[in-house]
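The values are calculated or read from the model by the stated rules, or taken from the named source; none is laboratory data. No experiment lies behind these values; they were computed from the predicted model shown. Neighbour counts run over all protein chains shown; Cβ positions are idealised from the backbone, glycine included.
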Amino acid sequence: MSKKKAQPAHISFLDSVSRNFDKAAVHSGLPKGLLSQIKVCNSVYQMRFPVKVGNEYQVIEAYRVQHSHHRLPTKGGIRYSQKVNQDEVMALASLMTYKCAIVDVPFGGAKGGVKISPRDYTTAQLQSITRRYTAELIRKNFIGPGIDVPAPDYGTGSREMGWILDTYMSFKGGEIDAAGCVTGKPVNQSGIRGRTEATGRGVYYSLREAVSYKDDMAKLGLTTGMEGKTIAIQGLGNVGYHTGVICQEEGGATIICVAEYEGAVYNENGIDIKALAKHRKKTGSILGFKGAEDMNQRKNVLEVKCDILIPAALENQIRLDNAKKIKAKIIAEAANGPITAGAEEILLKKGILIIPDMYCNAGGVTVSYFEWLKNLSHMRFGRMEKRFDQNTYGNLVGLVERMTGKTIGQKEKKLLTRGADEVDLVRSGLEETMVTAYDQIRMVMKRKKKVEDLRTAAFISALDKIGSDYLALGIFP
Ligand code: NAD
């Protein structure tokens with residue numbers, strides 16, 4: 001008798017994305033050939049280049065993958081991690097295509113990866129690696145404001161984006177839109193206010209939307225609203241930190257557990273995220289923080305009893321071997337691919353609400369889109385209308401005062417007559433984007449009765465839009 005083959009606890013990230021795609025594709029109504037075209041990665045550039053480290057030369061392995069050219073430029077972050085490999089970058093690039101479609105950002109998906117652990121290099125060495133990687137991209141026409149536009153991801157930030165811009169400018173002197181070749185740049189180097197925290201802020205808006213529906217919360221035994229919800233966060237980097245701070249300060253949530261590379265800390269009454277990050281900066285570790293107790297192992301964060309679990313580190317964290325132990329009622333995928341496809345089936349059976357990565361962490365690419373638009377327009381958002389709005393609101397308030405014979409206090413007047421700054425507009429655009437996209441995903445679930453999870457619904461929403469782009473081109477009649 002043939003034994004049923006057990007599923008491996010660990011399937012590759014790319015396999016998970018592929019399985020999730022197939023699950024949604026059957027509901028999309030798109031022709032088979034078109035689905036195959038959407039699924040594959042269009043261009044994969046694998047490179048090796050030498051960089052001098054100390055007295056030796058090291059050969060660095062790196063990638064840039066453009067998943068879909070149905071809209072241009074392609075867009076996606078650059079990851080620096082020792083775990084980078086071609087499959088991982090392909091999975092991440094694919095997710096970018098669906099992510100952009102879900103939030104109506106008119107780009108194809110892409111992603112870059114450099115196989116290094118940034119901790120092992122000095123700042124000068126990281127700069128050499130980043131500049132050389134950029135030069136390779138320029139050489140093969142894999143970067144440019146109308147071609148492919150990188151951004152930060154795991155292990156990179158605004159500093160690296162600044163180096164990329166500077167390298168691009170030195171090769172492409174005189175190109176008028178050169179600043180749009182990369183996003184997530186420092187504000188004083190053609191960046192945009194609000195980009196650094198954009199992914200975390202988007203995660204917060206996605207959660208705020210998810211917990212605002214009474215029926216959905218009733219199924220989980222939760223009340224609506226973020227106030228008082230208990231949260232556990234894995235990874236206190238760019239995304240985890242800002243998500244935590246905003247959930248705490250704007251949502252009134254209680255962060256009870258945080259894990260980083262070196263371990264995890266717990267306090268059922270809440271952990272002050274800003275203070276914890278300061279402690280880590282000073283001591284090099286989150287452990288030993290006065291406002292919390294240390295936990296045995298960093299992976300314990302995933303199994304803590306809480307309302308919301310936010311994996312904000314890397315992919316494949318919740319797998320067949322630990323899915324049953326998850327006690328959270330909601331999982332917000334701040335990271336890309338933190339749940340394997342097999343684990344997801346177990347979590348859904350347990351009734352856990354999963355807010356999928358391709359929607360949940362789309363705040364970064366949304367604000368990157370705003371930054372790119374700012375670069376192409378060569379003007380800060382709000383510059384033209386701020387004073388005009390301020391004067392108009394001032395006149396209105398003056399009119400009300402004259403008509404009522406009452407005067408409004410200086411503080412209230414300032415608040416009522418304020419014209420929007422760039423950061424206000426960025427936040428407003430991001431909030432609108434995340435709210436609209438969640439509505440669209442929920443509409444899909446209402447329309448397709450057999451679709452019971454947000455990931456499949458998000459995929460279908462993306463496929464509808466990408467499919468109609470291809471059909472409009474007349475490629476798949
Ligand atoms: P980051 O490098 O700023 O931070 C990640 C943190 O996770 C690091 O501090 C690292 O030490 C920690 N970490 C790694 N493994 C861990 C583990 N097993 N347990 C606990 N902590 C661990 O990276 P980031 O930019 O915050 O990205 C995090 C995730 O969010 C990635 O999956 C990335 O693809 C995704 N993401 C990032 C952005 C962005 O704008 N930066 C946008 C969308 C998605």
Check: Residue check: is PHE370 among the aromatic types (Phe, Trp, Tyr) and either at pLDDT below 95 or more than 16 Å from the ligand (Cβ to nearest atom) (or both)?
Finding: no
Next item on the list: Check GLU431 against each of (1) charged (D, E, K, R); (2) farther than 30 Å from ALA25 by Cα; (3) assigned to a helix (DSSP H, G or I); (4) in contact with a helix residue (DSSP H, G or I) (Cβ under 9 Å, 6 or more places away or on another chain) and name the one condition it does not meet.
Entry: (2)
Notebook entry, point to check: Looking only at the range 230-279, which residues are within 22 Å of GLY364 (Cβ to Cβ), among the charged types (D, E, K, R) and within 9 Å of the ligand (Cβ to nearest atom)?
Noted result: GLU260
Next item on the list: Those residues that are part of a helix (DSSP H, G or I) and crowded, with 17+ Cβ neighbours inside 10 Å, I need them from the range 109-127; list them, please.
Entry: PRO118, GLN125, LEU126, GLN127
Next item on the list: May I ask you to list the residues in the range 280-302 that are closer than 25 Å to GLY228 by Cα and away from the ligand (no atom under 13 Å from the Cβ)?
Entry: PHE289, LYS290, GLY291, ALA292, GLU293, ASP294
Notebook entry, point to check: Which condition number does LYS411 fail, the rest of (1) in contact (Cβ under 8 Å) with a residue 12 or more places away in the chain; (2) away from the ligand (no atom under 16 Å from the Cβ); (3) not small (Gly, Ala, Ser) being met?
Noted result: (1)
Item checked: Candidate set: the range 318-340, residues that are more than 17 Å from ASP453 (Cβ to Cβ) and surrounded by fewer than 22 Cβ atoms within 10 Å (Cβ to Cβ); chosen: the one farthest from the ligand (Cβ to nearest atom) -> LYS324
Checklist line | Identity of the residue in the range 407-424, outside any helix (DSSP H, G or I) and touching a helix residue (DSSP H, G or I) at 6+ places or on another chain (Cβ under 8 Å), that ends up nearest to SER377 (Cα to Cα) | finding: ASP421
Item checked: Check on ALA472, more than 30 Å from GLN189 (Cα to Cα), touching a residue at least 12 places away in the same chain (Cβ under 8 Å) and in a helix (DSSP H, G or I) -> no
Margin query: Among the residues that make up the range 219-241, is at least one of them over 23 Å from the mean Cα position of the chain (by Cα) and part of a helix (DSSP H, G or I)?
Written below: yes
Margin query: Suppose we filter the range 344-364 for residues that are surrounded by fewer than 24 Cβ atoms within 10 Å (Cβ to Cβ) and within 16 Å of the ligand (Cβ to nearest atom); how many remain?
Written below: 1
Margin query: Out of the residues in the range 250-274 meeting the condition of being part of a strand (DSSP E or B) and of a type in the set (Ser, Thr, Tyr), tell me which one is surrounded by the most Cβ atoms within 10 Å (Cβ to Cβ).
Written below: THR254
